[in-house]
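The values are calculated or read from the model by the stated rules, or taken from the named source; none is laboratory data. Bear in mind the structure is a predicted one, so any value in this text is a computation, not a measurement. Cβ sites come from the backbone with ideal geometry, for glycine too, and all protein chains shown count toward neighbours.
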Amino acid sequence: MISMLIYDRIEKELHRLKSAADDQAAYSSDEYWSILLSKTLEEAAQKEEKVPLLNTACMDITGEGDLAWVEKLRKKYKEMFLLLIADTSISPMSYVRPGIMASSLLLRPGAGCPCEDKDIDRVMREFIEAYLERFETGQGSFVIESKEGKIHIPFDKIYYFEAREKKLYLQTDTQEYGFYGTIDKLEEELPPHFMRCHRSFIVNTRKIEKVVLSQNIIYLTQDRDVPLSRSFKAALKELGK
């Protein structure tokens, strides 16, 4: 499943974006897309809270508070593909910067004027195609096969992997995902910042707050911890944690 949040203050444009996204997703991908619509910033914030992982977003930044909220969203989802909706009254310097990192831009002809259908179709097509190209190669994410299709989980949202009950489990800050495989093979496939710390655990070293060697415990952010076995202590010492 791929999630998308569309927030647009212009209702006609909002539904046109949804239609373009539906059409392009159906044409380009076999994955199920969950597309949420919001006409107000408050509604967008409420819907985002209910989504376990936000893969893509189309965000209107023309209203008061919009850009600040999008910047908070970017901090939360560093790997999210982001399409901004702006107009000519907004200086590009306010949104073309590292704190936003937009993947694409839909520029209205004037304040309060909706974009033309052809522009929406073109931008949405390019946006979804670019996301799917990254999705298919697995760059920046871990992909799990499920009954609903592929679940695309950004590496920066993963705290650790655990092997138990003949399955592997991936833990984020809000959810746990189970899948089949072996922890030895998984260790070989993950990026270098994922480290084996126990026969049953692989930890994301970027989530480590401290290591207490005397207790054989690795403390992570969000009040989480994983065990540390003696045979893996040397690797953690070299890491400087």
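Remarks
- Residues that are of a type in the set (Val, Ile, Thr) and touching a residue at least 24 places away in the same chain (Cβ under 8 Å) within the stretch 148-193 comprise ILE151, ILE153, ILE158, THR172, THR174, listed in sequence order.
- Residue check for LEU132: in the same structural domain as GLU31 (by TED's automatic domain parsing), surrounded by 12 or more Cβ atoms within 10 Å (Cβ to Cβ) and touching a strand residue (DSSP E or B) at 6+ places or on another chain (Cβ under 9 Å): yes
- LYS210 meets the stated requirement of being over 22 Å from GLY140 (Cβ atoms) and basic (Lys, Arg).
- Taking every residue in the stretch 3-16 that is closer than 21 Å to LYS50 by Cβ and pairing it with any residue that is surrounded by fewer than 20 Cβ atoms within 10 Å (Cβ to Cβ) and among the acidic types (Asp, Glu), at least 6 positions away or on another chain, the pairs with Cβ-Cβ distances below 9 Å are TYR7/GLU43.
- Looking across the stretch 200-224, just one residue is in contact with a Pro (Cβ under 7 Å, 6 or more places away or on another chain), assigned to a strand (DSSP E or B) and at pLDDT below 95, and that is ILE217.
- The strands (runs of 3 or more DSSP E) located wholly in the stretch 145-199 that include 1 or more residues which are within 22 Å of MET1 (Cβ to Cβ) and in contact with an Asp or Glu (Cβ under 8 Å, 6 or more places away or on another chain) occupy 149-154, 167-171, 176-179.
- Any chance SER34 is touching a helix residue (DSSP H, G or I) at 6+ places or on another chain (Cβ under 6 Å), assigned by TED's automatic domain parsing to the domain that holds ILE120 and either free of Cβ contacts under 8 Å to residues at least 12 places away in the same chain or more than 22 Å from CYS115 (Cα to Cα) (or both): no
- Candidates MET80, MET59, MET101 - the one that is within 21 Å of TYR32 (Cβ to Cβ) and either surrounded by 20 or more Cβ atoms within 10 Å (Cβ to Cβ) or within 15 Å of the chain's Cα centre (by Cα) (or both): MET80
Matching residues to (1) surrounded by 15 or more Cβ atoms within 10 Å (Cβ to Cβ); (2) farther than 26 Å from LYS207 by Cβ; (3) in the same structural domain as ARG74 (by TED's automatic domain parsing):
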| site | (1), (2), (3) |
| --- | --- |
| ILE120 | yes, yes, yes |
| SER146 | no, no, no |
| HIS152 | yes, no, no |
| LYS166 | no, no, no |
| GLU176 | no, no, no |
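- Qualifying positions in the stretch 222-237 - basic (Lys, Arg) and under 10 Å from VAL211 (Cβ atoms): LYS233, LYS237
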